[in-house]
Amino acid sequence: MKMIVGLGNPGKKYSQTRHNVGFKVIDMLGGVLGIDISKSSFGGLAGKGEYSGNQVMLLKPMQYMNLSGQPVADTAGFYKIDLKDILIVLDDMWLEPGQIRLRPKGSAGGHNGLTDVVEKLGTEDVPRLRIGIGQAPLGQAVEYVVSEPRPGSQEAELVNQGIIRAKDAAICWLEEGIEAAMTKHNRFEEK
């Protein structure tokens, strides 16, 4: 089984915020793959299906961002999912809006949700897919990530393009693995 986890914050208040791009990718993947993500499971919303010869689990932890790790660890443990078969999808302030970056492992890079996932899994050796949301104003990181891009703005459009690119990269990861997905999707368009 392969599992794709989107990080975000639960509740309508946060649904359109920059921090919730991971949830948006999972929702989009659910639609494309025909997987219903409404079952309450291990502190998250989850759904299972089949794609490209693999069992696929989609998961949205329903804890606040900095507590995302336990639902991931519990689900992975219950289904005996190998760490290399888990893909964590999250926002990244260090990437420009719309850019994405896949990595097979690495540090959490200051992202509290990924920090908790790494801590609960006990390793940094878990693939991750970062979606650029752009740099927060100095000293305003928390306010920035839990706010929404202005509707209709260029930033909102770029972030939406990043969500679509991330969905495509996640599907490539399911079909061909991390190396092929990195080769095909880790490219940055010129402005």
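Read-outs: derived from the displayed coordinates by stated rules, not from any lab. Small disclaimer: the values here were computed from a predicted structure and weren't measured. In this analysis, Cβ positions are derived from the backbone assuming ideal geometry, glycine residues included, and neighbour counts consider all displayed protein chains.
Exactly one residue out of GLY53, GLY44, GLY49 is without any contact (Cβ under 8 Å) to a residue 60 or more places away in the chain and crowded, with 20+ Cβ neighbours inside 10 Å: that is GLY44.
So, of the residues in the range 94-108 that are within 24 Å of GLN154 (Cβ to Cβ) and touching a helix residue (DSSP H, G or I) at 6+ places or on another chain (Cβ under 9 Å), which turns out to be surrounded by the most Cβ atoms within 10 Å (Cβ to Cβ)? Going through the qualifying residues, I end up with ILE100. Between LYS84, LYS60, LYS80, LYS24, the distinction of being farther than 23 Å from ALA108 by Cβ and charged (D, E, K, R) belongs to LYS80 only.
Summed over the range 145-170, residues that are touching a helix residue (DSSP H, G or I) at 6+ places or on another chain (Cβ under 8 Å) and either surrounded by fewer than 18 Cβ atoms within 10 Å (Cβ to Cβ) or free of Cβ contacts under 8 Å to residues at least 40 places away in the same chain (or both) total 6. Would a scan of the range 16-25 turn up a residue that is more than 11 Å from the chain's Cα centre (by Cα), touching a residue at least 24 places away in the same chain (Cβ under 8 Å), more than 27 Å from ALA180 (Cβ to Cβ) and surrounded by fewer than 17 Cβ atoms within 10 Å (Cβ to Cβ)? For the range 16-25, residues more than 11 Å from the chain's Cα centre (by Cα), touching a residue at least 24 places away in the same chain (Cβ under 8 Å), more than 27 Å from ALA180 (Cβ to Cβ) and surrounded by fewer than 17 Cβ atoms within 10 Å (Cβ to Cβ): present. When ASP36, ASP82, ASP91 are checked against the criterion of being among the charged types (D, E, K, R) and buried (at least 22 other Cβ atoms within 10 Å of the Cβ), a single residue qualifies: ASP91.
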